[in-house]
Amino acid sequence: MRTIHDIHGGIHPPERKALSRPGELSTAPIPAVLVLPLRQHLGVPALPVVNVGDHVLGGQTIAEAQGVMSVPVHAPTSGVVTVIEARPIAHASGFEDQCIVIEADGQDEWLSFTGTADWRGLDAATLVGRVRAAGIAGMGGAGFPTAVKLSPGPARSIETLLLNGTECEPYITADDTLMQCQADELIEGAQILAHIVSAKAILIGIEDNKPDAIASVEAAIARSGAEIELATFPTKYPSGGEKQIIEILTGQQVPSGGIPADIGLLCVSPGTAVATKRAIIDGAPLTHRIVTLTGEALASPQNVTACLGTPITALLTHAGLNAESQQRIIHGGPMMGFAVSDLRAPITKITNCLLAPTPAELPLPEPAKPCIRCGHCAEACPASLLPQQLYWYARAKDQEQLTEHRLFDCIECGACAYVCPSQIPLVQYYRAAKGQIRDSEQEKQRSDNSRERFEARQVRLETEAAEREAKRAARKAAAQSRAAEDGVDPIQAAIERAKARKADQGSEPEQTP
Amino acid sequence: MSLLKVTSPHASGQSRVSAVMRDVLLATLPGVVVLTAYFGPGTLVNIIFGGLIAVACEYAIVALRGRDPRLAVSDLSVLVTSTLLCIALPPYAPWWLITIGVLTSVLLGKQVFGGLGYNPFNPAMVGYVVLLISFPVQMSAWASPRGLAEIPGITDTLQHLFSPSTIDAVTAATPLDLLRQNTGLLFEDLLTSSPELTGWGGIGWFETNLAFLLGGAWLLYRRVFTWHAPVAMLAALAVCALMGYDGGSSQSGGSALFHLFSGATMFAAFFIITDPVSSAVSNKGRLIFGALIGVLIYLIRTLGNYPDAVAFAVLILNFCAPFIDHYTQPRVYGTGSRDS
């Protein structure tokens, strides 16, 4: 039995997970129009390889990866590309981004895929290539290109593949449902991932508030006959944070500024494992995902498999949204999700939940009161930071102290703001402060660069001047030595030559009339 | 339908500043009841009169500063300040003493720095020390406990509040006074020499401290503060008292039990040094903060000129809190070596 370690801090917000009936999965209708952002992942946007007016089939690549930190985009159904332009996307910034818009033709015709059942015969490079070609990016929320994660470099060796089935955010049950409905695929995917990185062990961690998922994964492990360890641990937010689940299950901490691979771990979400299985064994790209539609403003909260690119409004309508005049729609969960600013924005590879709460359910924050330094935030912080001090320094814009108090180790889980009796939007302060520090670092980099350029130029100019001076001195010395040898003053000789030339010119006009 | 743009987290817990302050006020009840039972309604009248002055003062000054005065008063913090100060004042204090103390606490202790959350010192202790230095006679006139003198009724008390000559007979020295003035008696003999010293910490004092301990334990249970500062302070005080006890000679500083359960010990441990605004922030820092207050209380009680020492000890450590904070930052996830 594995020793379960406790993490510092954490909170127990109401879970509200039963609302979306985890374990029941239906398919959302294919929307009339799909909007597929070129960047659904962390990194460089994909490059469109279709033109307006092209007819595409389901599964067809419509945008190629550009470079390593990028993944391709595939059509989730058949239809016609109507436009490629900037559209509203689901992002905290509220900005628009380039999207390929497909009008579905209703036929839902697909390319035929060829997978490899015997994936053990393929080498890691081939498998990573297929994972990349399938457009897989971390489905837990960050959207980090999985192929990059699977290539940690020769300096790091992966001992254990850790499958993070925690899903500690309240309300969300997408992973819970996936673990119940697609457990066999999950186990196969995990084995493929472990094979790719030559991990010696596979460890699956699930919070103990999901007994059905635990039972289903347990049964799937037994059916597979593989040696996979399943560990359960007490429910607490934010146990599902990558750093947190690693400490819970291994007692080790990821070094500040490092990645799990530094301590021999690769951490993936269940959705990523299933997508990997489908990419390798079925040859199918990532075109759909499970989304939890929940909140009391929905008539029928549920989990659906939806086409990537489905407009948020279509899914909310499907779940029966009874909107208030002022409605908050949250992309993600209530702790770390962001409020959507345009319902025409589509769901993407990272959309695990759409939450439509009533005002009574998630009341709007009260006006913030002064910080009384009660320290509840420090008790709740899973990173053992001192949020009350960070808040103080963030308000004072004291970047030195913010760095000293390790602002950048904040994972923005929101536990501090949750427990704050003064209702201060602490995370907002930290995000802003991080942005300001990054800005000033860039500013400093720029000024450093121009100073270096200026200094280099000064050095160059001085060197050139010195060289010129040296050449002149050399010429002078050479001329003087020649004069000494010939007994003729070179300056006097030059004057003589010039006089002779002048005299020649004076007689020339007569020759040429 | 319009979309609301609110940043995460969207969920929030139940804790509120006003609820925290209300809990602190409720937790003083056992202590106030016992004080009233032993020393009469003086403390109760202090609290009510001081509370009225405090709310009026806070309302006026916040309005003057151009902020919302109702919001400021509704967080109950000003009532906590005035209540703590008024518990510390001698029962049957004259109206002007209470008024000066409350005004000093609210204005000089809190509002000049920017109000709630910005005060570097414990406001109640600022008011207390100003009074102690300015009006030592009135501040050392503690009431006689029940049994040694007649306890004034509520009418007498109210009369006394505004014409402070009516009940002079009630004042008496506190056990800590007697200990400090003791020159010739062994500690055990001292305890039997004077009727005020009956019991572990003197008549009424042991019970009062026990009641504040009870209120403090409830606040701990309610997680209003952590155990670190109170436990460190009590432990440090007890250790100092044990070291200075020398078996109870006339030079002895009094037993550990006497120090723990006399004077303002428990009141300080759970209601004064736990003020989060002016104390150290990390748990390790609070241990140091509390322990140093405990040591200072003992030193000032036994060597200093004032019978009780809480206010001075707390203010001195309030000065040190940022310094303590600087050296007691907790180890952040993923940094340094693990200590567990």
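Just so it is clear, none of the values below were taken in a lab; they were calculated from the coordinates. As the structure is a prediction and not an experimental result, all values here were calculated from the model. Ideal geometry is used to build each Cβ from the backbone, glycine not excepted, and the neighbour counts take in all protein chains shown.
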Any idea what angle helix B:29-39 forms with the longest principal axis of chain B, computed on alpha-carbon atoms, 0 to 90 degrees, nearest 10?
-> 20 degrees
Hey, could you grab the Kirkwood Rh for segment A:391-467? Inverse mean 1/r over distinct alpha carbon pairs, Å, one decimal.
-> 15.2 Å
If eta is 0.692 mPa s and T is 37 °C, what Stokes-Einstein diffusion coefficient results for segment B:16-172, Kirkwood Rh from Cα pairs, in µm²/s?
-> 207 µm²/s
Segment B:173-327: radius of gyration over Cα atoms, expressed as a fraction of 2.2 N^0.38 Å | 1.03
Fraction of beta bridges assigned by DSSP in the protein assembly as shown that are antiparallel (%, nearest 5) | 60 percent
Shape of the protein assembly as shown from its Cα gyration tensor (a ≥ b ≥ c, root eigenvalues): rounded if a/c is under 1.5, otherwise prolate when a/b > b/c, or oblate?
-> oblate
Taking +1 at the Cβ of each Lys and Arg and -1 at the Cβ of each Asp and Glu, which of B:Gly204, A:Ala222, A:Gln66 sits farthest along the dipole of the protein assembly as shown towards its positive end, judged by Cα position relative to the Cα centre?
-> A:Gln66
Förster radius 25 Å - calculated FRET efficiency between A:Gln492 and A:Lys471 (Cβ-Cβ, nearest 0.05) | 0.60
Part-to-part distance (alpha-carbon centres) for segment A:91-125 and segment B:74-133, which is given in Å = 68 Å
Taking trypsin sites (Lys or Arg not before Pro) as exposed when DSSP calls them loop (any state but H, G, I, E, B) and at most 13 other Cβ atoms lie within 10 Å, what is the longest stretch of chain A free of them, the sites themselves excluded?
-> A:1-199
The answer for A:Ile62, listing residues at least 5 apart or on another chain whose modeled amide H is closer than 5 Å to its amide H, is A:Val73, A:His74, A:Ala75
Interchain or sequence-distant (5+) residues whose placed amide H lies within less than 5 Å of the amide H of A:Phe338 are A:His331
Taking Rh as the Kirkwood radius, which is the inverse of the mean 1/r over Cα pairs, what is the Rg/Rh value for chain B?
-> 1.00
Those chymotrypsin sites (Phe, Trp or Tyr not before Pro) from segment B:245-340 that are DSSP loop and have at most 15 other Cβ neighbours within 10 Å turn out to be none
Helix A:490-511 vs. chain A, principal-axis angle (Cα, 0 to 90°, nearest 10) | 80 degrees
Rounded tilt (10° steps) of A:183-196 against the dominant C-alpha axis of chain A = 30 degrees
Show the residues, 5+ positions off or on another chain, whose built amide H is closer than 5 Å to the amide H of B:Thr335.
-> A:Ser256
In nm², the average projected area of the convex hull spanned by the Cα atoms of segment A:225-333 is 10.6 nm²
Can you work out the base-10 log of I(q)/I(0) for segment A:434-504 at q = 0.21 1/Å, using the Debye formula on its C-alpha atoms alone?
-> -0.92
Where does segment A:125-283 land on the Kirkwood hydrodynamic radius, alpha-carbon pairs, in angstrom?
-> 15.4 Å
Size of electric dipole in chain A: Cβ of Lys, Arg +1 and of Asp, Glu -1, about Cα centre, debye, nearest 20 = 1220 debye
Neighbour-limited loop hits for GluC sites (Glu not before Pro), segment A:222-270 (at most 11 other Cβ within 10 Å; DSSP other than H, G, I, E, B) = A:Glu227
Take every DSSP beta bridge whose two residues both sit in segment A:125-283, then give the antiparallel share in percent to the nearest 5.
-> 5 percent
How many times 2.2 N^0.38 Å is the alpha carbon radius of gyration of segment A:365-501?
-> 2.43
Between segment A:297-356 and segment B:256-308, the alpha-carbon center distance in angstrom | 54 Å
Excluding residues on the same chain fewer than 8 positions from B:Lys284, give the aspartates and glutamates whose Cα lies under 20 Å from its Cα.
-> A:Asp6, A:Glu379, A:Glu404, B:Asp275, B:Asp325, B:Asp339
Mind listing which trypsin sites (Lys or Arg not before Pro) in segment B:1-53 are in a DSSP loop and have 14 or fewer other Cβ atoms within 10 Å?
-> B:Lys5
